[in-house]
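One structure is given here, and the rest of the page talks about it.
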Amino acid sequence: MVTLLSAERRIATFETEFPRLALIVAAAAAGGAVNSIAGGGTLLTFPALIGLGIPAITANATSTVALWPGAVGSMMGYMGELQGARAWAIRFAIPSLAGGLLGALLLMVTPPDRFDALVPWLVLGATVLFLAQRPAMRWLRNRRPRDAADANDDPAQRPPSAAVLVYQFGVAIYGGYFGAGIGILMLAALGFMGFTNIHRMNGLKNWGGLCTNFMAAVTFTLSGRVNWPVAAAMAAGALIGGYGGSRMAQRIPQERIRAAIILIGFASGGWLLVARLS
């Protein structure tokens, strides 16, 4: 009888959890796909986890850990762009690692109710950053070094300024705490440093994000805040979605994907804000 009851409980648990995990896989697949096509997948996955009833801090920690392997794959594709910029990348990594750790630790000591209150504004703010990405990228592509005597001068051959490193430390703190939208913040700093090669800029940006999220992922893992079944399901979904997104990236107009992400971001942020205030 005890064995029969235990089996029934396992079946009931499976029937309850499987649809939930299936929705998480679908959300992660969508996030992985849009990351391959236009970026901004976090604006899909994080609100989806919240909507499925996962506490905000756990959702943030789980999402960071689950999506980090995808960031590794993205970084590998840009390794060639870091050739000749090793010393610059090492200096860029230091504030990224330190800031990512500090941001994750700040999240761990943030009271859940206070983080819940911040979540709508974080989502809305990240959506605004995503909205600004296209005009910012257009400006970065059109920008030319103004102070360099040689137009072909490579800023990577000069060490980053102290101001840029301090700025990156602040970006990394935000990245370790929440993270959506940090890419455009890093690209802006690289543009002001005189970088005009968008591929090298993306390589350095991905490297900074990888370092930031690595420290955050380790901190969240050690804290015990990660929901591992959800993280595993998300990782599988993101892998499938990322591969599928890369295959169809040339067939789907990116403007439509971007418009959908912006719409979902503002709708999610507004829904979270209304739910918080009601």
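Run down Ser223, Ser268 and say which single residue is within 30 Å of Leu23 (Cβ to Cβ), open to solvent by 10 Å² or more (accessible area, probe 1.4 Å) and at pLDDT 85 or above.
Ser223
Taking interchain pairs and intrachain pairs at least six residues apart, which have beta carbon atoms under 7 angstrom, with the first residue in the range 157-183 and outside any helix (DSSP H, G or I) and modelled with pLDDT of 85 or more and the second among the β-branched types (Val, Ile, Thr) and surrounded by 23 or more Cβ atoms within 10 Å (Cβ to Cβ)?
Correct list of pairs: empty, since none qualify.
Can you name every residue in the range 185-209 that is open to solvent by 20 Å² or more (accessible area, probe 1.4 Å), assigned to a helix (DSSP H, G or I) and over 16 Å from Val166 (Cβ atoms)? Write out each step before concluding.
Here is the first cut: in the range 185-209, the ones open to solvent by 20 Å² or more (accessible area, probe 1.4 Å) are 185, 188, 192-193, 196-200, 202, 205-207.
Narrowing the set further to residues that are assigned to a helix (DSSP H, G or I) leaves 185, 188, 192, 198-200, 202, 205-207.
Listed by number, the residues that qualify are Ile198, His199, Arg200, Asn202, Lys205, Asn206, Trp207.
Looking at this structure, is Leu105 surrounded by fewer than 21 Cβ atoms within 10 Å (Cβ to Cβ) and either at pLDDT 85 or above or in a helix (DSSP H, G or I) (or both)? Steps first, please.
Working: surrounded by fewer than 21 Cβ atoms within 10 Å (Cβ to Cβ): yes; either at pLDDT 85 or above or in a helix (DSSP H, G or I) (or both): yes.
Considered against the rule, which asks whether it is surrounded by fewer than 21 Cβ atoms within 10 Å (Cβ to Cβ) and either at pLDDT 85 or above or in a helix (DSSP H, G or I) (or both), Leu105 comes out as yes.
List the pairs whose first member sits in the range 127-138 and is more than 26 Å from Leu272 (Cα to Cα) and part of a helix (DSSP H, G or I), whose second member is open to solvent by 50 Å² or more (accessible area, probe 1.4 Å) and modelled with pLDDT under 75, and whose Cβ atoms are under 8 Å apart, counting only residues at least 6 apart or on separate chains?
none
The values are calculated or read from the model by the stated rules, or taken from the named source; none is laboratory data. Values in this document were obtained by computation on a predicted structure and should not be read as measured data. Note: ideal-geometry Cβ built from the backbone for every residue, glycine included; neighbour counts use all protein chains shown. The accessibility values were calculated without ligands, DNA or RNA, using every heavy atom of the protein model including side chains. Shrake-Rupley method; radii C 1.70, N 1.55, O 1.52, S 1.80 Å.
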